[in-house]
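Here is the structure we will look at, set down as C-alpha cells.
The values are calculated or read from the model by the stated rules, or taken from the named source; none is laboratory data. All of these numbers come straight from a predicted model, not from anything done at the bench. No Cβ is skipped: glycine too gets one built from the backbone with ideal geometry, and neighbour counts run over all protein chains shown.
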C-alpha cells in the first residue's frame, strides 16, 4: 500500500478509520461508501487509487494480519481465530489466508511456533580454538 496515513484524502482516512473500528463485523464496500458519503463506485475508485488495493482487500489484509498475530501467540483453533478477526466462514478464511500469505494458517502456525535453531557461522566454529 502506498503513502502514509496523513497524505490521503479525508474520505479515504475516514474509510480506513471505519474499517479499523469495525473490522470484526461483516462490512461491505457499500457500508463504507455510505459511511463516508460517497457513491460506491466513486469511493472504490478513489480508495484503490490512493492505497493501491480495494476496500475489501484492505479489510482482508487487516484481518489476515490480526490472524497471523493470534496464530503466533495463542492456542486458539483456526476456526476461532477466523471468527475472532471477522471471518464468519473458516473455509473462506483459510482460502484467503493461503492466497495472501502463501501457506495455510496451520502451516504458518507450525512455522511460527517452531523453536528456532541457533545458527552458527561456519567460520566461527572452525576458527574457535
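Worth pointing out:
Residue-by-condition table, conditions (1) surrounded by 15 or more Cβ atoms within 10 Å (Cβ to Cβ); (2) modelled with pLDDT of 95 or more:
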| position | (1), (2) |
| --- | --- |
| 69 | no, yes |
| 80 | no, yes |
| 84 | yes, yes |
| 94 | yes, yes |
| 118 | no, no |
| 125 | no, no |
| 129 | no, no |
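- Within segment 62-100, the set of residues being in contact (Cβ under 8 Å) with a residue 60 or more places away in the chain and either assigned to a loop (DSSP other than H, G, I, E, B) or within 9 Å of the chain's Cα centre (by Cα) (or both) comprises 86, 88.
- Selection within segment 35-61 - surrounded by fewer than 17 Cβ atoms within 10 Å (Cβ to Cβ), touching a residue at least 24 places away in the same chain (Cβ under 8 Å) and in a helix (DSSP H, G or I): 56, 61
- Matching residues in segment 15-34 - criterion: being within 25 Å of residue 94 (Cβ to Cβ) and surrounded by fewer than 15 Cβ atoms within 10 Å (Cβ to Cβ): 20, 24, 25, 26, 28
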